[in-house]
Each structure stands twice: as C-alpha cells, then as structure tokens.
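Each remark here refers to the structure printed beneath this line.
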Amino acid sequence: MAALSVEDLLARAEEREAETQRSVAVHKELDLEFDVGNLLAVDRNPAPRAVSREGTPSAQREGLLRALARDNTQLLVAQLWALPSERAEGGAGPVVAQLPEPSTRLPREKPLPKPRPLTRWEQFARLKGIRPTRKKRGTLAWDAEAKEWRRRWGYKRAGGDPARGDWLLEVPDSADPFEDQFAKRRQEKRERVARNELNRLRNLARAHRRGGGGGGGSPATALHPTGHQDRAELGRVTALARVSTASRGRFQPRLPKEPPTPRTVTGRGKKRHFGPLLGDLEGEKQRQLELARHLSSSSSKKKRRWTSRGP
C-alpha cells in the first residue's frame, strides 16, 4: 500500500467537507415561497429543460426530478431548523419546534356537516325560553384514586374500576335487606340504556319526519314514534337506525333470522343495467326490430280506433 503524504490527506478531507456543504447548501435564482405551518414550499423557478425535452431517457428525467425535490426539501428543512426549538420530556426527549399559523387556506376534503336536529327537550326549552343553568360538562373527569384524567362515561371511566369500589354496596334503609343490590343495579342500568335508546330512535324519527335527516331515507310521514307502534313501524324505525351509522349499516351486526334492510330505507334503489355500445350487433338489431314492431302495432291500433269512430 502506497504511503500518503499529509498534503494528500488534507486535500481528501477538504473534498469530503466540500461535498458535505454541497449537500446542505442549495442555490436558487428565485427564492422559494414557504408556508411552514402547512409544511409547504412553492418553487417559482423553471424546471430543467431536460425534464420536458423529448428523447430524454426516463432514468435521466427521474434523476433530475429527484434532485429538484431533494433541493426544495432541504430548503424547507432549513426553514424548520430556523424556528425556536426545545427538547421534549424535560430535556431528555427529541428536539421539537412549534409550527407557526398556516398562511395558505387549503380546501376542505368533505362538505361542512349539517347542523344536528334539535331534540324534543331542546325544542321545548327554546320555545319556553329556558336557558341552561349549568355549563355543559366535558367528556373527561378527574379520577382521584387513579390520579389521572379519565372518560366520564363508558370503558375505563372515572371511578368505574370494578376492583376498587364495586365489591361493596350500601343497602338503603327503605330497601329489603335480603334484596340483591348488584342485580338491582344491573337491572336499572338495562332500563336506563333501553330508555335512552328509545329516546334516540324517537328523536331520529322526528328529525326524518321534518326533513332533517339526509341520505334519501324512507318517507317522513311513515314514521310516527308513539307508545303504540305496530310491528311494521318498529321494523322501519329499526332499519332506519341501522343505516344511520357512518358506513350506512354495512358493518352492523344482525339478529338471527333478521330480514335484509329494504332499499326504500337505505336509499339505494335498483341499479340500471346498460348494454354495450359496440360488439353486440345481433342484440341491437333485435331491439330495434322489437321497437319498430311495437310502434307499428300502436299506430295500427290508433288507426282502427279512429276508423271505427268515423261516420
């Protein structure tokens, strides 16, 4: 192996340093327009001519586009490093930066949601001018025993751990001392859930009857949530509640021997089938002959009718 002089080692080190600087420093004739809040960079500079030139090999064109994307990404990353940053998790975590407010307004992917129809109580309160006496509670509540914020209702709710407080229940003075309080509480919960579900179905049917529901459902006059509902009406309300999910009931579980949801409720009518435009010449001939035969028979019937009515 040939020995290298100090000058050669220094020259190689300078070349490596220059290559590193070239990978970081990017020069553009026109400065890019940045929207750091949306991580957006707009390049007004014209693309290389070899990209749009006919006859340029695809590998060369792909390399030019990759280099252009790499340079613009480097400029955007430089803008991110210019933001004030700090270390997360008390100095032991990664370096994070707070993005500024976006300056470019992006269009929405989906239309604005429609306002939720008022429930029966909300309509009554608005009619009578009743204002809420307390602020609406949030979905989180502080669990003093677990020392953390938990959901107010549902799974892993605050104060709902069975291993902490559900093993003992106090028997009221007016209750039967031999009554099972755990079974009583389960029964009350089932009744509460059924009552809430009935109210939800009534509000949903009332909204569809007034035209508040969307999606081309069943006629609004066919839903009358009352205390005396027949089997057909309950079936329509159940089918309407089933297709009220985001997937329109596609993934909802079904009961044993439950009939399929009618198309009048789902809003999906019978699809029209169109024949091919080219290729089926014999079928097209038969259809045209059938149409001509039908028109000729209709015209002959009218002619005989007018002839019979004549003088």
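The values are calculated or read from the model by the stated rules, or taken from the named source; none is laboratory data. All of these numbers come straight from a predicted model, not from anything done at the bench. A quick note on method: Cβ atoms are made from the backbone with ideal geometry, for glycine too, and the neighbour counts reach across all protein chains shown. SASA here: full protein model, heavy atoms, side chains in, ligands and nucleic acids out. Shrake-Rupley method; radii C 1.70, N 1.55, O 1.52, S 1.80 Å.
Take every pair of alpha-carbon atoms less than 8 Å apart whose residues are at least six positions apart; their mean separation over the length of region 24-84 yields a relative contact order of 35 percent. Computed on protein heavy atoms with a 1.4 Å probe, the accessible areas place Phe124, Phe178, Phe274 in the order Phe178, Phe274, Phe124, largest first. Here the spin labels are modelled as points 7 Å beyond Cα on the Cα-Cβ line, and at Ala13 and Ser58 they lie 4.6 nm apart.
Ranked by the mean number of other Cβ atoms within 10 Å of their residues, highest first, the peptides 188-195, 31-38 come out as 31-38, 188-195. Separation of the alpha carbons by more than 29 angstrom is noted, of Lys114/Lys156; Lys147/Lys189; Lys136/Lys189; Lys156/Lys184; Lys136/Lys156, for Lys114/Lys156. Summarising the label geometry, the points placed 7 Å from Cα in the beta-carbon direction at Ser5 and His294 lie 10.0 nm from one another. Applying 1/(1 + (r/R0)^6) with R0 = 30 Å to the Cβ-Cβ distance of Glu148 and Arg210 gives a FRET efficiency near 0.10.
Using a cutoff of 8 angstrom between alpha carbon atoms and counting only pairs six or more residues apart, the relative contact order for region 104-164 works out to 16 percent. Distance between the 7 Å Cα→Cβ label points at Gln252 and Leu169: 3.2 nm. Remark: relative contact order (region 66-194) = 8 percent; criterion is Cα-Cα distance under 8 angstrom and separation of 6 or more residues. Dipole magnitude for region 97-166: computed about the Cα centre from +1 point charges on Lys and Arg Cβ and -1 point charges on Asp and Glu Cβ, it is near 540 debye. The trypsin sites (Lys or Arg not before Pro) found in region 102-148 that occupy coil by DSSP, while having at most 14 further C-beta atoms within 10 Å, are Arg105, Arg108, Arg134, Lys135, Lys136, Arg137, Lys147. Computed 3J(HN,Hα) for region 53-61, one whole-Hz value per residue from the Karplus formula 6.51 cos²θ - 1.76 cosθ + 1.60 where θ = phi - 60°, is 6, 6, x, 6, x, 5, 5, 5, 4, glycine and proline marked x.
Put simply, the amide H of Leu140, placed in the peptide plane, has neighbours under 5 Å in Arg152, leaving out anything fewer than 5 places away on its chain. Rounded to whole numbers, the Karplus 3J(HN,Hα) couplings from phi for region 141-150 are 9, 7, 9, 5, 7, 7, 6, 7, 7, 10 Hz, using 6.51 cos²θ - 1.76 cosθ + 1.60 with θ = phi - 60°, and x at Gly and Pro. 3J(HN,Hα) along region 89-103: 6, x, x, 9, x, x, 7, 10, 9, 8, 6, x, 5, x, 9 Hz, from the Karplus curve 6.51 cos²θ - 1.76 cosθ + 1.60 with θ = phi - 60°, whole Hz, x for Gly and Pro.
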